[in-house]
Amino acid sequence: METFFLEKHPHVELCDLLKFMGWCDSGGTAKAVIAEGQVKVNGKVETRKRCKIVADMNVEFASNKVVVKTSE
């Protein structure tokens, strides 16, 4: 499982997280896979493209998993 750090930001939008992690090549691709129900947040399918992901949330896509933390 990978870790993504928010640093000083309160949240990251789900579609942006998929891009930042390198799981999707573009925002359009990220939005499409979210809309298709391929992404889970805390074990549940999430279809809101701009869902706010905050610290201690887990995101899964394909065989990738990431936990979001505030800082290192």
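The values are calculated or read from the model by the stated rules, or taken from the named source; none is laboratory data. These numbers come from a predicted model, not from an experiment. To get the accessible areas, we keep the full protein, side chains included, count just its heavy atoms, and leave off ligands, DNA and RNA. Shrake-Rupley method; radii C 1.70, N 1.55, O 1.52, S 1.80 Å.
Taking a probe of 1.4 Å, how large is the accessible area per residue of the chain, in Å²?
On the way: 4390 Å² over 72 residues.
Per-residue value: 61 Å².
Helix-only mean residue ellipticity at 222 nm, the chain, DSSP H runs n ≥ 4 weighted -39,500 (n - 2.57), per residue, nearest 500. What is it?
On the way: 2 runs with 16 residues, N = 72.
The helix contribution divided over the chain gives -6000 deg cm²/dmol.
Tell me, how many Å apart are the Cα centres for segment 26-65 and for segment 4-25?
10
Taking all protein chains as present, what is the carbon and sulfur share of the accessible area of the chain, in % to the nearest whole number, probe 1.4 Å?
Ligands and nucleic acids excluded, carbon and sulfur reach 46 percent.
With log10 I(q)/I(0) by the Debye sum over Cα atoms at q = 0.13, 0.21, 0.23, 0.27 Å⁻¹ in mind, check [x] -0.62, -0.94, -1.00, -1.12; [y] -0.45, -0.94, -1.05, -1.24; [z] -0.30, -0.81, -0.98, -1.35 and report the label derived from this structure.
The value matching this structure is [z].
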